[in-house]
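The values are calculated or read from the model by the stated rules, or taken from the named source; none is laboratory data. Model, not experiment: these values are computed from the prediction. No Cβ is skipped: glycine too gets one built from the backbone with ideal geometry, and neighbour counts run over all protein chains shown.
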Amino acid sequence: MDSGDVAACWEANAEIWTQHARAGYDLYRDALNTPVFLANLPDIAGLNGLDIGCGEGSNTRKLAEVGGRLTAVDIAPTFIRHAQEAEAEKPLGINYLEGDGTALPFPDASFDFATAFMSLMDMPRQDLALAEAARVLKPGGFLQFSILHPCFAPPYRKVLRDEAGNVRAIEVGRYFDGIDGEVETWRFGAAPPEVKASVGPFRVPRFHRTLSEWVAMIVAAGLTIEHMAEPPIDAERAQREPYLADTLIAPLFLHIRARKGAAA
């Protein structure tokens, strides 16, 4: 599967995905993943940033709201259209462009920082995506990204519950399988049953890499890891939102910040 195939999958997903995410059905993103990501982000006020794989622009807008000057790219035109419409309704100075994260349309050393919220894992050549992010960063700039945790969300993952419905373990498998474009069917689990029944599932291509492979690709891109996070939900929120309780047992997400070496 190449970038064109991936683009076709995400373009087919983009309309309903945007509707469901904006309706609040992406609980993992809104309640856990994005808040922790932003809490660990260095001060970006006044800095030029690139959001890679921006989707409909929800997280890009959050970056702009804390002072970043943002450009954002996504491979799916419908995502970009929705992001541009949101920008027109509430201008934050964001420039949204259709673009491929493995072949970014920007000169070298264009940005002070880059972000990628849950997008690099969906690209067929993560090595190229990381190299491209490093290329467009200025010396001393950083890339911060989130992905499904390679160890705890490999191609096979099952949440195990006790008789009372409480999460007791996460069962994982196929960690060492080289997955290049295996398509999963998937829905936002927090969507009401009638919403799930009204539309078909999303088709999401997977490109699984082991943790050591991710580290090797980051190093090969010339970046140095300076921060990692494996966010859990807090126990009180897990009681209110049992859907998220699996992250009390093992992390679903991995966050990494890596910096480009400063010029001598």
Residue satisfying all of: in segment 25-53; over 17 Å from His255 (Cβ atoms) and in contact with a strand residue (DSSP E or B) (Cβ under 6 Å, 6 or more places away or on another chain); surrounded by the fewest Cβ atoms within 10 Å (Cβ to Cβ) among these: Asn48
Six or more apart or on different chains, Cβ atoms under 6 Å: show the pairs whose first residue is in segment 253-264 and at pLDDT 95 or above and basic (Lys, Arg) and whose second is outside any strand (DSSP E or B) and surrounded by 21 or more Cβ atoms within 10 Å (Cβ to Cβ). Lys260/Ala134
Of the conditions (1) more than 22 Å from the chain's Cα centre (by Cα); (2) closer than 28 Å to Thr224 by Cα; (3) loosely packed, with under 14 Cβ neighbours inside 10 Å; (4) of a type outside the set (D, E, K, R), Ala109 clears all except one; give me its number. (3)
For residues in segment 82-106 being surrounded by 17 or more Cβ atoms within 10 Å (Cβ to Cβ) and of a type in the set (D, E, K, R), which is farthest from Ala7 (Cα to Cα)? Glu87
Subset of segment 1-24 (residues that are touching a residue at least 40 places away in the same chain (Cβ under 8 Å), among the polar types (S, T, N, Q) and surrounded by fewer than 19 Cβ atoms within 10 Å (Cβ to Cβ)): Ser3
For a quick check of your reading of the model, give me the residue pairs whose first member lies in segment 157-179 and is at negative phi and among the charged types (D, E, K, R), whose second is assigned to a loop (DSSP other than H, G, I, E, B) and surrounded by 11 or more Cβ atoms within 10 Å (Cβ to Cβ), with beta-carbon atoms closer than 7 Å and at least 6 apart or on different chains. Asp177/Pro155; Asp177/His208
Which number in (1) within 26 Å of Ala7 (Cα to Cα); (2) in contact (Cβ under 8 Å) with a residue 24 or more places away in the chain; (3) not in a strand (DSSP E or B) marks the one condition that Gly200 misses? (2)
Just checking, which of Ala250, Ala245 is closer than 26 Å to Ala31 by Cβ, in contact (Cβ under 8 Å) with a residue 12 or more places away in the chain, part of a loop (DSSP other than H, G, I, E, B) and out of contact with any Gly (no Cβ under 9 Å at 6 or more places or on another chain)? Ala250
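May I ask you to list the residues in segment 208-224 that are in contact with a helix residue (DSSP H, G or I) (Cβ under 7 Å, 6 or more places away or on another chain) and surrounded by 14 or more Cβ atoms within 10 Å (Cβ to Cβ)?
Arg209, Met217, Ile218, Ala221, Gly222, Leu223
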